[in-house]
Each structure stands twice: as structure tokens, then as C-alpha cells.
Amino acid sequence: MMNMAALEAVPMPVKSKSEAADRIARFSLRKSDVSRASIVFALLCVAILTGCDRTPREAPPRAKDTISVPPQTSTIDVPIVADLGKLAATLEKAVPRRLWSIDKPEQTCVPPKKVKILFARIKTPAIRCRITGTVVRGPLVLEGSGKTITVTMPLHAAISARDVGGVLSRETAEADARVRAVARLDIAGDWSPRATVSIAYDWTDEPHVDFLGQRIEFTSKADAKLAGVVARLEHTLPQELGRLQLREQIAQVWGAAFTSVQLNRANPPVWMRITPRQLSYGGYTISRNRVNLALGLTAGTETFVGDRPPDPQRQPLPAMTRMQPGPGRILFAIPVIADYRQLEPVLAKALVKRSRRPFEVPGVGAVRAQFYQVTIYGTTGGKIAVGLRFSAAAEGGEPSRGTIWLTATPRNAVNDRRVAFDDLTVAGVTDSVRTSLLLKLVNAPGISSTVSAALTQNFEKDFDELLAKITRAIDEKRIGDLIVRAHITDVRTGQLKAAGQGVYLPVWGRGTATIRLAPR
């Protein structure tokens, strides 16, 4: 485009004064048009230049999302133990020492018998007597093994025949028997213990006396009385099994299991909340006079980062369901979190160290920079925002200053705790003076490589420390009336996520766990 000086230098012939005046007027108009065109052109250039710099003049938005860990479903062993020694003691009180007594007059002790004397058969008369006696028991012996509870009860009988045939005043026989009760335990749908009992007895020496060459046996009389003793024991044994308070223990464990277990005390505090859903019965074993019930508690296990979550609302003890016996399995999530506030001094230190020598900026040359503040937080899109407040100046130039905002995406592979930050881009500019140099410097390799290297973290140390603390926390932990034990057998890690709370590495653990009542 021709400028105004060139226009004024061109010679233009004039034929008359009026023509000269007309030309001057037209020239003045063109000069005005050119001035307006120059202004429009300048504004257009500014607009184009402004449009080329699309960097937002504000910081990236802060993410407000919290770290949410999906709930897991676990099966936790709940061993219930009852001491059979208490059952033996209650049976001793329930079964009297003197089981029964007998006093039967005019009993046929010797039935009539036909005998042949010479040529005739003579029927001897029945010999009558009065039968008296008592049966007492000895100490009960209770043993258990496998699936059975055995109660052995020794008996001693002293039975007399009085006024035998009007000849003998008294003839006494002593005898011993042993009653053996075998009980098999079961649990009803309402968690009450049941037992099926089979009882047998045998005489080690049946009660009898010898009279006039005749054996007078009292076994049938004693058997009739022992039948009552057996029936009583069949009723008493299951009733006393109910006093083992198995159902009470089960209900107490169920109610107390609606709780939270602290996995990590601080940095960050981590809680696992247990919400029981179902309780299953997997049979029992008896050893060393102890009944061991195998129960499985199916529960939801949720992980919370921060304050202790409220305990879930307790539910009534559900009806019993049966399960196949096997080890309990607990699944839980443990978040490894890098706090943004912990990353800030790491990056600030790296930038100050790098600024001791100039940065080489393409098209500008050596640039000196001073860094004053680093701000890091989570932003949208699963990224982190990095704010760098600094000043920069080229050789002999005026310093530029302000805050440049960058965003980056954390990356890692599954089951790999090594972390890198990719997609480092400029996302905003605030409180800036002479932005151009700042942007050029930030986009230069020196700054981007320093930021990426400083942000790249290795979570291995944090992961190992947290896992060790969690292992210690749940190895054995008392919560109210419960003792929780867990053993971690397997751990896997997922992929990183930048959230409002921090950079979150999901970790899932698997192991075995038991919940039992604390001894009193």
C-alpha cells in the first residue's frame, strides 16, 4: 500500500484554478479515506493478533469430586465357641443322684413249676416275695469329638427280695449298668440349638439272687425303671444344650458387626465400613470339650477416606441359611492418595533449582526466570492444574510477570505404581503483564520437561507404607465387643485418577478374616 508521503510527491498538472481547487478537494477526501482505512487496518490487526491468542484469562476450574471406592462383598468367618464343661455341670444338677426306687410286695419271684414225683406230676406253688431296691448314678462323664457329644452315666443297683416264700427274710443282689447317650447337634432356622439323642444301656452284672437252686432275676423290673431314666435324659440333654447360649452369641456378633474398622489412622485416614447382609451356618466340630460352630457373615465392605463414617443401621438377626464350609474371604479397597499440597513444594524446589541457569527460548534467546509460587489442584477431565507465578526477562528486555496455568493427565499401567504426567498444555493466564514472553517460556522444552519430571511420582513407597500400616491395623483389632482379624493374601492396583481430593491410585486387597466375640 502507498503511504501519504508517496502520494504527495507525485507531480499532477493543473489547467486552471478551479480545477486545482477541485483536485485539492478530491485529494483531501482521499486523504481522509486513507486515514480511516489505516485505523480500520490497525484494529483488524489487533483483532487478528488477539484472536490468535486463545489462552483463557482465568485459572482452570477446581474439581469438587471426592474419591469414591466401589463397595465390595465379603464373607467373614464368625467362629462361635461353647464350652461343654458347662454343659456337664448343668447336667450334673439336672439329673438326680438317686434315679429311682422300687418296693413291690407280693411279686412272683419263682414261678410255679411242674415236677414229676414217682408216677405223678406235681405243680409247685409260686414263690412270692417283696422286691425292694434303689438305683443311683455315679458322676456323669461328658466327651465330645467330631460331630457327637457322648454322655456316659454309670448306674449301681441294690435290689432285695424280702419274705421269700415265707422262709427267707431278705436276699440282696447288687448290679451295675452303664447308660450311654450320644447326641448330634443341629441348628434350627431361628438359630436355636437342637439335638437328636440316642441312648443305650447295658448291664455289666444283671441284678439277681439265687434261692433254692433257682436264679431270681430282677432285670425286667429294673429295665422298666431305666426306661424312665432314659426318657428323662433324652429330654434333659437337648434342653441343657439350649443353655450353651449359642443363639445369644450369634445375635451379639451379628449386631456388633454393623461397624467401621480403621485401616489407616492418618495421611490419609481410611475406614472400612461393614454392613452385614446374611449369616450362614456351615456345621460344627467338637474338640477338647468345645463346640465350634462355623458361621459365615456375608457383608458389604465399603472404604471411606477422611472422617469415620456413621455406622450402618442395625438389622434384626436373619433366619439361618446353610453354606458349604470353607475359609472366609474378605475383599476391600485401599486408596493410595497423593495430596496436591505435598506435590507443590516438590515442583517449586525443582523450578528454583532449574532457574539458576537461563532458559533457551526459540526465537528469543536466553531468558532468565524467577519462580515465586506453585499451586496444584485437581481440575475437570481427570487432570491436574498447575499454576506457576513467575517473572521472566530476555537479555536487556523488560521483565514479564504473571501466573501461567498448565494442565496434565496422570498415567500409569495396571499393577504398576510408577506414575507419569502426560498432555502438559497451557490452560490459562492470570494477573499477567506482557504475556507473550511468559507463554513462550512455558512452551519451551526447559520448563515443560522440568514440570513433567517433578510431577512424575513413584507411588511404590507410599503404597508399601500404606499396605504395611493396613496390615498391622487389621491383623488383630478390637472394636467394642468384637475382635477382628484379617490376613492379606493378594493385592492389585488399578489406574490413576486425578480427583478433587488428590491423585488417587485404587488398590484392591484380598484375604481371610474372622470376627469373634472378645473374651470377658
Selection count where residues are under 40 Å from the mean Cα position of the chain (by Cα), within 19 Å of Asp202 (Cβ to Cβ) and aliphatic (A, V, I, L, M), scope the stretch 143-154: 0
Selected residue [touching a residue at least 12 places away in the same chain (Cβ under 8 Å) and within 20 Å of Ala513 (Cβ to Cβ)] from Arg243, Arg247, Arg277: Arg277
Test: residue in the stretch 407-427 that is crowded, with 17+ Cβ neighbours inside 10 Å, of a type in the set (S, T, N, Q) and farther than 26 Å from Glu460 by Cα: no
Subset of the stretch 344-359 that is hydrophobic (A, V, I, L, M, F, W, C) and in a helix (DSSP H, G or I) - its residue that is surrounded by the fewest Cβ atoms within 10 Å (Cβ to Cβ): Val352
Considering residues of the stretch 482-500 that are within 22 Å of Arg329 (Cβ to Cβ) and crowded, with 17+ Cβ neighbours inside 10 Å only, the residue farthest from the chain's Cα centre (by Cα): Thr493
Set Ala473, Ala468, Ala453, Ala444: member being of a type in the set (A, V, I, L, M, F, W, C), free of Cβ contacts under 8 Å to residues at least 24 places away in the same chain and out of contact with any His (no Cβ under 8 Å at 6 or more places or on another chain): Ala468
Residues that are surrounded by 14 or more Cβ atoms within 10 Å (Cβ to Cβ), at negative phi and either of a type in the set (Gly, Ala, Ser) or in a loop (DSSP other than H, G, I, E, B) (or both), drawn from the stretch 278-289: Ser280, Gly282
Residue, nearest to the chain's Cα centre (by Cα), within the stretch 290-315, restricted to residues that are over 29 Å from Pro335 (Cβ atoms) and surrounded by 17 or more Cβ atoms within 10 Å (Cβ to Cβ): Leu295
Some residue of the stretch 379-396 being under 17 Å from Gln495 (Cα atoms), acidic (Asp, Glu) and exposed (fewer than 15 other Cβ atoms within 10 Å of the Cβ): no
Strands (runs of 3 or more DSSP E) enclosed by the stretch 402-493 - at least 2 residues per element that are farther than 30 Å from Gln249 by Cα: 420-433, 482-493
The stretch 448-481, residues that are touching a helix residue (DSSP H, G or I) at 6+ places or on another chain (Cβ under 6 Å) and buried (at least 16 other Cβ atoms within 10 Å of the Cβ): Thr450, Ala454
The lone exception for Ile337 - which of (1) part of a strand (DSSP E or B); (2) over 30 Å from Thr379 (Cβ atoms) it fails: (2)
Residue match in the stretch 304-322 (condition: touching a strand residue (DSSP E or B) at 6+ places or on another chain (Cβ under 8 Å), under 30 Å from Gln457 (Cβ atoms) and either without any contact (Cβ under 8 Å) to a residue 12 or more places away in the chain or among the polar types (S, T, N, Q) (or both)): no
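Throughout, read-outs are computed from the coordinates displayed, never taken from laboratory work. Being a predicted model, the structure only gives us computed values, none of them experimental. Don't worry about glycine lacking a Cβ; one is built from the backbone with ideal geometry, like all the others, and counts go over all protein chains shown.
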